[in-house]
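The structure under discussion appears below in the form of structure tokens.
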2 protein chains.
Amino acid sequence: MMQDLIISRLSSFPMFAGSPVGDLEALAAMLTFKQYPKGSFIISQNDRGSTMYLLVSGRVKVTLASAEGKELALNYLEAPSHFGEMSLVDAEPRSADVVAVTDVEVLALDAKDLSAAIEVQPRLALTLIATLSLRVRELIARVEDMAFHDAAHRVMRVLLNVATASYEARGIPVVEGLTHYEIATLAGTSRETASRVVSQLVRDGLVATKGRRIVVDLFAMRERLEHDV
Amino acid sequence: MMQDLIISRLSSFPMFAGSPVGDLEALAAMLTFKQYPKGSFIISQNDRGSTMYLLVSGRVKVTLASAEGKELALNYLEAPSHFGEMSLVDAEPRSADVVAVTDVEVLALDAKDLSAAIEVQPRLALTLIATLSLRVRELIARVEDMAFHDAAHRVMRVLLNVATASYEARGIPVVEGLTHYEIATLAGTSRETASRVVSQLVRDGLVATKGRRIVVDLFAMRERLEHDV
DNA sequence: CGTCCAGAGTGAACTCCTTCATAGGTGCCT
DNA sequence: AGGCACCTATGAAGGAGTTCACTCTGGACG
């Protein structure tokens, strides 16, 4: 039955793990299970929705699109995480697109149920504050990079971040599943520049490419990012 | 007595206005009143403090400094507002400097008292979420500007934002008290470029300068920002 | 009311990055 | 396997912005 499905998915979120079954049931009643096929827009910039999404499975990207068709990626998210929480509290239009990169399953929570949800699970409020804080920190780091560092530096930082996450998850410091175009959108530069930077890094021995996989020397990369400022 | 002073300052914050006196007293007991002279650092990047500040009077700027001495301003804040709230929840180092632009008075709340404060005043949690959401939106707009728009566009946006705030507060769409250098740090460009843009805007009739004051034609400026993308 | 200095204006050189163009690679799909 | 769509590589030209160098100006303060 649907409620049971929702409850089982809920418990995979750290913030709900270990909650009494009664609480989960109360929460589940407020949530709607939804599926989105690869490539579809879950949220569009300037929408006026007030729904927050818990990402249950799959991968989404949070991106900005310019009037001339340029794209800037803010983030790639994987389950378990959540997005769209800003509209729970203020009534502003959505500030970015969220696109399903793979097929995606989500649980949707509407703003009108937020206070009730927080009463059931106060940790939710702190989780939201913590997530938003993290977003602010990441964005500040991003702005800092755009203002102070050149394109090569930003591309290196993207490679380092992705490879570090991969290393922590699977023990291999590799960048895969990202095209040069996607790396460029994450670094805020052009595809060609990203390509040139990767080529140069191979020549410098900081990364090695195996087909479309980029293996990163985490230590050397960190060293370089710290030193040449 | 100090507690009474704190309580009277507290009530100027919208989030506490109308709270029972008992609640304010409980909150006041957790807060410390502090003063900072013009020019002093209230928060420094990479600090490990876990204090949030309620800005009671004065003006602060939130800025980033690069290794080469370049500066990027994230925000100018005036009372009543607050800053440093991110460190209440995560244990990360401070991600920016906060500098007193005028003499400043603040009330400090330490992280260890946060849960208690939220129990006394649950609206505090929602206020924090709302503030952080606003910050995220502003930062996204910033990143978008840096990625998609040229320096002239960003300078115009700064002028428009400042003049609009001035118009709403005092009925005059004017930029004053900001040097070209400060405008440049807000726009993420060099002093020279900001200066050239202002000169050009005067020639184009979008702004008029009276000594060191810049009077902005809000309508024309908005028009221009929307159109030439 | 003159002096002095932070701030403002502007040309010129140079740098980095985008954009355009074109060739070569990779891997998936039937 | 073959083919096709997408991805990668790299040169060359051009533009936007920084940096440097210098001059001019507003207004604070003695």
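Under the condition of being buried (at least 18 other Cβ atoms within 10 Å of the Cβ) and not charged (D, E, K, R), the residues counted in the range A:38-76 number 17. Considering the range B:128-145, and only residues there that are more than 7 Å from chain A (Cβ to nearest Cβ) and touching a residue at least 12 places away in the same chain (Cβ under 8 Å), the residue that is nearest to A:Ser133 (Cα to Cα) turns out to be B:Thr131.
Scanning the range A:78-114 for residues that are more than 14 Å from chain B (Cβ to nearest Cβ) and part of a loop (DSSP other than H, G, I, E, B) turns up A:Ala79, A:Pro80, A:Val101, A:Thr102, A:Asp103. Residues that are of a type in the set (Val, Ile, Thr) and closer than 18 Å to A:Ser133 by Cα within the range B:80-124 comprise B:Val89, B:Val98, B:Ile118, listed in sequence order.
This table checks each residue for (1) among the aliphatic types (A, V, I, L, M); (2) free of Cβ contacts under 8 Å to residues at least 24 places away in the same chain.
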| residue | (1), (2) |
| --- | --- |
| A:Ala73 | yes, no |
| A:Pro80 | no, no |
| A:Leu88 | yes, no |
| A:Pro93 | no, no |
| A:Asp103 | no, no |
| A:Leu107 | yes, no |
| A:Ala116 | yes, no |
| A:Ala147 | yes, yes |
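A:Ser8 meets the conditions (1) surrounded by 15 or more Cβ atoms within 10 Å (Cβ to Cβ); (2) of a type outside the set (Asp, Glu); (3) part of a helix (DSSP H, G or I) in every case but one. The failed one is (1).
Scanning the range B:148-163 for residues that are surrounded by fewer than 18 Cβ atoms within 10 Å (Cβ to Cβ) and charged (D, E, K, R) gives a single hit, B:Asp150. When B:Arg213, B:Arg154 are checked against the criterion of being within 11 Å of DNA strand D (Cβ to nearest atom) and within 14 Å of chain A (Cβ to nearest Cβ), B:Arg154 stands alone in meeting it. Can you find a residue that is within 16 Å of DNA strand D (Cβ to nearest atom) and of a type in the set (Gly, Ala, Ser) anywhere in the range A:55-66? Yes.
Table: residues versus (1) modelled with pLDDT under 95; (2) in contact with a strand residue (DSSP E or B) (Cβ under 6 Å, 6 or more places away or on another chain); (3) farther than 21 Å from B:Ile140 by Cβ.
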position	(1), (2), (3)
A:Ile43	no, yes, no
A:Gly49	yes, no, no
A:Val60	yes, yes, no
A:Asn75	yes, yes, no
A:Ser81	yes, yes, no
A:Gly84	yes, yes, no
A:Asp90	yes, no, no
A:Ala100	yes, yes, no
A:Asp110	yes, yes, yes
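Scan the range A:133-147 and tell me whether some residue there is under 16 Å from A:Phe41 (Cβ atoms), buried (at least 19 other Cβ atoms within 10 Å of the Cβ) and of a type outside the set (Ser, Thr, Tyr). Checked against the condition, which is being under 16 Å from A:Phe41 (Cβ atoms), buried (at least 19 other Cβ atoms within 10 Å of the Cβ) and of a type outside the set (Ser, Thr, Tyr), the range A:133-147 yields no hits at all. Looking at the range B:137-229, the helices (runs of 4 or more DSSP H) lying wholly inside it that each contain 1 or more residues that are more than 11 Å from DNA strand C (Cβ to nearest atom) and closer than 26 Å to A:Ser190 by Cβ sit at B:151-170, B:180-187, B:218-227. Exactly one residue out of B:Arg212, B:Arg191, B:Arg196 is in contact with a His (Cβ under 7 Å, 6 or more places away or on another chain) and not hydroxyl-bearing (Ser, Thr, Tyr): that is B:Arg191.
Checked against (1) within 22 Å of B:Ala116 (Cβ to Cβ); (2) β-branched (Val, Ile, Thr); (3) within 21 Å of the chain's Cα centre (by Cα), B:Val21 passes all but a single condition, namely (3).
The values are calculated or read from the model by the stated rules, or taken from the named source; none is laboratory data. As the structure is a computational prediction, the values presented were derived from the model and not from experiment. Neighbour counts run over all protein chains shown; Cβ positions are idealised from the backbone, glycine included.
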